[in-house]
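Novice: Can you keep this structure in mind? I'll have questions shortly.
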Amino acid sequence: MNLKEKIRMVPDYPRQGIRFMDITTLFKDADAFAELVNKMKSKLEGLQINTVVGPEARGFVLGATLAYSIGAGFVPARKPGKLPADVVSREYKFGGGTEELQIHSDAIKPGDKVVVIDDLLATGSTALAACKLVEQLGGEVVAVVFAMEHTMLGGIKNLEGYNVHTVIKF
């Protein structure tokens, strides 16, 4: 199955000149979704992982699904004001401005083996922020896995030093 064909391209969204890769069309196809999850899971073979971190929002879908399939816990990385207990925060550059990710301060324990899962590697800034939050709490990022990569943006350079994998490259 060609997973690229299952992704809808939306021109000029969220602004002029951007070609948005809408993975929700792949998610709604049960066979394509299963194949994507299995391919992402295969990138984790041989790694000892006890926690999956998924950035808001499509990272929730993929991260929770993969966490379940490998028998790991799931930690959401959220935008400010969405988590009810004490948090750690990390600002990062996004779309010409800055964004912030937060996770609960007790979500990662020292020594936890963590994989960060997200839908798209574009600039790498969101995933890097998630990795830094994990490390701030003493966890070890053993892999960073994406469903898709926009190779022309070169975001993989921002994740140098991490074990990075992608399934679909554009």
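Novice: Under unit Cβ charges (Lys, Arg +1; Asp, Glu -1), what dipole magnitude, rounded to 20 debye, does the chain have relative to its Cα centre?
Specialist: The calculated dipole for the chain is roughly 240 debye.
Novice: Still on this structure: How big, on average over all directions, is the shadow cast by the Cα convex hull of segment 13-64, in nm²?
Specialist: 4.7 nm²
Novice: Considering only 61, 74, 87, whose Cα is most displaced toward the positive end of the charge dipole of segment 55-98, charges sitting on Cβ of Lys, Arg (+1) and Asp, Glu (-1)?
Specialist: 61
Novice: Magnitude of the Cβ-charge dipole of segment 8-55, K/R +1 and D/E -1, about the Cα centre, nearest 20 debye?
Specialist: 140 debye
Novice: In bins 10 Å wide, starting from 0, what share of all Cα pairs of the chain does each bin hold, as a percent?
Specialist: 10, 41, 37, 12, 0
Novice: Determine ³J(HN,Hα), in whole Hz, for all residues of segment 144-150 in sequence, where each value follows from phi through the Karplus function 6.51 cos²θ - 1.76 cosθ + 1.60 and θ = phi - 60°; x replaces Gly and Pro.
Specialist: 10, 10, 10, 5, 10, 9, 8
Novice: Sticking with this one: As a test question: what accessible area, to the nearest 10 Å², does residue 5 have when a 1.4 Å probe is rolled over all protein chains in place?
Specialist: Answer for residue 5: close to 140 Å² accessible.
Novice: Can you compute the charge dipole magnitude of segment 87-132 about its Cα centre, using +1 on each Lys and Arg Cβ and -1 on each Asp and Glu Cβ, nothing else charged? Give it in debye, rounded to the nearest 20.
Specialist: Charge dipole, segment 87-132, about its Cα centre: 180 debye, nearest 20.
Novice: Can I ask one more? For segment 1-78, build the charge dipole from Cβ charges (+1 Lys, Arg; -1 Asp, Glu) around the Cα centre, then report which of 18, 37, 52 sits farthest towards its positive end.
Specialist: Selected residue: 18.
Novice: Under a 5 Å amide H to amide H cut-off, with H placed in plane at 1.01 Å, what residues pair with residue 120 once short-range neighbours are removed?
Specialist: So residue 120 has HN proximity to 147, 148.
Novice: Find the percent of Cα-Cα distances in segment 95-139 that exceed 16 Å, and round it to a whole number.
Specialist: So the portion of pairs separated by more than 16 Å is 40 percent.
Novice: Across segment 129-135, in residue order, what do the Karplus-derived ³J(HN,Hα) couplings come to in whole Hz, using 6.51 cos²θ - 1.76 cosθ + 1.60 with θ = phi - 60° and x for Gly and Pro?
Specialist: So the Karplus estimates, Gly and Pro as x, are 4, 5, 4, 5, 5, 4, 5 Hz.
Novice: Right, another one. Just for the chain, what percent of DSSP beta bridges are antiparallel, to the closest 5?
Specialist: 40 percent
Novice: Please work out the ratio of the alpha-carbon Rg of segment 106-170 to 2.2 N^0.38 Å and round it to two decimals.
Specialist: Output field value: 1.09.
Novice: As a check on your grasp of the helix formula, calculate [θ] at 222 nm for the chain: sum -39500 (n - 2.57) over DSSP H runs of n ≥ 4, divide by the residue count, round to the nearest 500.
Specialist: -7500 deg cm²/dmol
Novice: In a Gaussian network model over the chain where Cα atoms closer than 10 Å are linked, find which of 146, 27, 74 has the largest mean-square fluctuation.
Specialist: Residue with maximal mean-square fluctuation among 146, 27, 74: 27.
The values are calculated or read from the model by the stated rules, or taken from the named source; none is laboratory data. Predicted model, so just to flag it, every value in this text is computed and none were measured. Virtual Cβ from ideal backbone geometry, glycine too; neighbours counted across all protein chains shown. What goes into the accessible areas is simple: the full protein's heavy atoms, side chains included, and nothing from ligands, DNA or RNA. Shrake-Rupley method; radii C 1.70, N 1.55, O 1.52, S 1.80 Å.
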